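Undergrad: Please read through the structure below; I'll follow up with questions.
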Amino acid sequence: MEKTVPNRAMAMELLKEFNKNESLITHAMAVEAVMRHFAGLNGEDKERWGIIGLIHDIDYEMYPEEHCIKAREILADRGWPEEYIHAVESHGWKLCSNVEPAEKMEKVLYAIDELTGLIAATVFMRPSKSILDLEVKSVKKKWKQKSFAAGVNREVIEEGAGLLGMELDNVIEETIKGMQQVAGEIGLKGNI
C-alpha cells in the first residue's frame, strides 16, 4: 500500500469521520495546539506534531474499549506512517496501551493529553470563563482537589513531566500557552 503523507485537512476529516461528539473534537484541537506549541519550543516540525495531537483520540468515541488499539488499524488501513501510529498508541501507555512513549513528541503527548482536560475544566470554573487570563497557580489549586475533574489522571501528567525532564509547573504553563493560541476555536476565550 502506498504510504500517506498526512496533512491537517486530512487529519481533521478523519477525526470527524470517527468522532461526532463536539467536545471530543474540541479536545483534539486543544491537544493539537499544545503539540504545535511544544514543537516550536523544541525546534521540531509543528505540522507533524500538530497532526498527531489532532488524531490522537481517533478511535475513542467509536471504540472506547479498544482505545489506542483500534487506532493502529484505522490509521494503517489508510496508509499512515508508522511514526504517527506509534505516537498515537503511546499516549495511552499504562492505561490502555503497552506502547511506551519513546520520542520527545510522544512524551509531550503523554504529558499534556490529560492536562488539557484539567485546564479546560479549570477555565469553566473561572468568572471570566477564559484561558487568556489563566495562571498556573489556579490550575495547581484545582489539581489538589481530587474531586475536581476526577476523571483526569494526575499521575499520568506527573509521569509525563518526569519523562520530559520538566517541572510540572512548567508543563502546565506551556500547555496553557498552547491552548491560549486557539482560545476562540476551543471555546475558552470567555468574557475577555
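Every number in this text was worked out from the coordinates using simple rules, so none of it is lab data. On a predicted model such as this, the values are computed, not experimentally measured, just so you know. Cβ placement follows ideal geometry from the backbone for every residue including glycine, while neighbour counts extend to all protein chains displayed.
Undergrad: Using the 10 angstrom Cβ neighbour count as an exposure proxy, how do Ser90, Ser147, Ser138, Ser128 rank, fewest first?
TA: Fewest-to-most ranking of Ser90, Ser147, Ser138, Ser128: Ser147, Ser128, Ser138, Ser90.
Undergrad: Using only Cα atoms, tell me the angle between helix 104-125 and the longest principal axis of the chain; keep it within 0 to 90° and round to the nearest 10.
TA: Between the helix axis and the principal axis of the chain, the angle is about 40 degrees.
Undergrad: When a footprinting reagent is the concern and you count Cβ atoms within 10 Å, what order do His86, His37 take, fewest first?
TA: Lowest to highest Cβ neighbour count: His86, His37.
Undergrad: What ranking of Cys96, Cys68 emerges when the number of other C-beta atoms within 10 Å of each C-beta is taken as an exposure proxy, fewest first?
TA: Sorted ascending by nearby Cβ count, the order is Cys96, Cys68.
Undergrad: How far is helix 46-55 tilted off the main Cα axis of the chain, in degrees rounded to 10, range 0 to 90?
TA: The two axes meet at around 90 degrees.
Undergrad: Further question on the same structure: For the chain, what is the charge dipole size about the Cα centre, in debye to the nearest 20, if Lys and Arg each add +1 at the Cβ and Asp and Glu each add -1 at the Cβ?
TA: So the dipole magnitude of the chain works out to roughly 900 debye.
Undergrad: Moving on. Putting +1 on Lys and Arg Cβ atoms and -1 on Asp and Glu Cβ atoms, find which of Asn19, Ile69, Ile52 reaches farthest to the positive end of the dipole of segment 9-104.
TA: Sorting the options by dipole projection puts first Ile52.
Undergrad: Please give the helix 168-180 orientation as an angle from the longest Cα principal axis of the chain, in degrees from 0 to 90, rounded to the nearest 10.
TA: Roughly 80 degrees, rounded to the nearest 10.
Undergrad: Would you mind classifying segment 11-91 by shape? Square roots of the alpha carbon gyration tensor eigenvalues, ordered a ≥ b ≥ c; an a/c under 1.5 is rounded, otherwise it is prolate if a/b is larger than b/c and oblate if not.
TA: Oblate shape, in that a/c is at least 1.5 and b/c is the bigger or equal ratio.
Undergrad: For segment 79-183, which semi-axes, largest first and in whole Å, follow from the square roots of 5 times the eigenvalues of its Cα gyration tensor?
TA: For segment 79-183, the semi-axes come out at 25, 15, 12 Å.
Undergrad: Step through the table entries Lys20/Lys46; Lys20/Lys189; Lys16/Lys177; Lys3/Lys189; Lys70/Lys140; Lys16/Lys141, compare each Cα-Cα distance with 31 Å, and write down the pairs that go over it. The partial results should precede the final answer.
TA: On the way: Lys20/Lys46 26 Å; Lys20/Lys189 23 Å; Lys16/Lys177 25 Å; Lys3/Lys189 38 Å; Lys70/Lys140 34 Å; Lys16/Lys141 34 Å.
Result: Lys3/Lys189; Lys70/Lys140; Lys16/Lys141 exceed 31 Å.
Undergrad: For segment 8-180, with equal point scatterers placed on the C-alpha atoms only and solvent neglected, what are the log10 I(q)/I(0) values from the Debye formula at q = 0.09, 0.15, 0.18, 0.19 1/Å, to two decimals?
TA: -0.27, -0.79, -1.16, -1.29
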